[in-house]
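The structure under discussion appears below in the form of structure tokens.
The values are calculated or read from the model by the stated rules, or taken from the named source; none is laboratory data. Worth saying up front: this structure is predicted, and the values here are computed from it rather than measured. FYI the Cβ positions are ideal-geometry reconstructions off the backbone, even for glycines, and counts take in every protein chain you see. Side chains are part of the model used for accessible areas, which takes the heavy atoms of the whole protein and leaves out ligands, DNA and RNA. Shrake-Rupley method; radii C 1.70, N 1.55, O 1.52, S 1.80 Å.
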Amino acid sequence: VRVTGMNVELVDANAIILGTSDVNGTYAVTATAGGDITDDGALDIDGNSTFTAASGRNITLDYSTHTFDGTVTFAAASGNLANVTVTDSNAHILQALNITGDLSVTAGGHITDGGILDIDGITTISAGTSNNVTLDNASHDFTDDVRLTGMNVELVDTNALVLGTSDINGTYAVTAGGHITDDGVLDV
């Protein structure tokens, strides 16, 4: 689905593939029942974006030249999403997210948090080696490995924390409410 417009709302009963689109306002996409949300072209969204899929489904927006100028929210219509992947050519603010699978975020600027992240699977966050990653909400809960690439990185977990393979070009500050262990090479 390719769209050009001010404020756009798309609803599909099944899976939805988002093609090259230019939206000057808000962008709301919902796959109501039976499918994932994926991309097949660059999304240029000036306003806030909301992507909603059915429980247990995936949202994959990994086209390399997406530009999200506003907030980006991922949600399940009920229950939790499975896996979420997003690429943003700008800085990226992670809104509250509760998923049963993996989270992968790649950004061309700083990556920060705007809500609580509760991730059961592997978390991979890459801001490049010249941008900061700040995930400092005291209520974050990362169950599996957290793999990071960034300049100065701050990571907080309310429980135990497993540090996965990471490349930190500056400082690395880790705070956990339980044990801190490693499961990969840390290059700090």
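Details
- Within segment 76-98, residues that are at positive phi sit with their Cβ atoms under 7 Å from residues that are surrounded by fewer than 17 Cβ atoms within 10 Å (Cβ to Cβ), at 6+ positions apart or across chains, in these pairs: GLY79/SER55; GLY79/GLY56.
- Residue check, ARG2 crowded, with 17+ Cβ neighbours inside 10 Å and either among the aromatic types (Phe, Trp, Tyr) or in a loop (DSSP other than H, G, I, E, B) (or both): no
- Checking each residue in segment 5-20 for being within 11 Å of ASP46 (Cα to Cα) and in a strand (DSSP E or B) picks out only GLY5.
Residues are listed down the side, and each one gets a yes or a no for (1) open to solvent by less than 40 Å² (accessible area, probe 1.4 Å); (2) part of a strand (DSSP E or B):
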{"position": "GLY47", "(1), (2)": "yes, no"}
{"position": "PHE51", "(1), (2)": "yes, yes"}
{"position": "ARG57", "(1), (2)": "no, no"}
{"position": "ALA75", "(1), (2)": "yes, yes"}
{"position": "ASN90", "(1), (2)": "no, no"}
{"position": "GLY109", "(1), (2)": "yes, no"}
{"position": "THR124", "(1), (2)": "no, yes"}
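Results for (1) of a type in the set (S, T, N, Q); (2) part of a strand (DSSP E or B); (3) touching a residue at least 40 places away in the same chain (Cβ under 8 Å), shown as yes or no for each residue.
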{"position": "ALA138", "(1), (2), (3)": "no, no, no"}
{"position": "THR149", "(1), (2), (3)": "yes, yes, no"}
{"position": "GLU154", "(1), (2), (3)": "no, yes, no"}
{"position": "VAL162", "(1), (2), (3)": "no, yes, no"}
{"position": "ASP167", "(1), (2), (3)": "no, yes, no"}
{"position": "VAL174", "(1), (2), (3)": "no, yes, no"}
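- Test result for THR67, under 18 Å from ILE93 (Cα atoms) and touching a residue at least 40 places away in the same chain (Cβ under 8 Å): no
- Residue within segment 118-126 that is touching a residue at least 24 places away in the same chain (Cβ under 8 Å), within 23 Å of ASP187 (Cα to Cα) and of a type outside the set (Val, Ile, Thr) present: yes
- Search result, residues across segment 25-45 that are of a type in the set (Ser, Thr, Tyr) and either open to solvent by less than 50 Å² (accessible area, probe 1.4 Å) or free of Cβ contacts under 8 Å to residues at least 40 places away in the same chain (or both): TYR27, THR30, THR38
- Identity of the residue in segment 77-88, assigned to a strand (DSSP E or B) and either open to solvent by 40 Å² or more (accessible area, probe 1.4 Å) or hydroxyl-bearing (Ser, Thr, Tyr) (or both), that ends up farthest from ILE59 (Cα to Cα): THR87
- Subset of segment 126-153 [surrounded by fewer than 19 Cβ atoms within 10 Å (Cβ to Cβ) and over 21 Å from SER89 (Cα atoms)]: ASP136, ASN137, ALA138, SER139, ASP141, THR143, ASP144
- Of residues in segment 94-107 being hydrophobic (A, V, I, L, M, F, W, C) and surrounded by 18 or more Cβ atoms within 10 Å (Cβ to Cβ), the one farthest from GLY121 (Cα to Cα): ALA107
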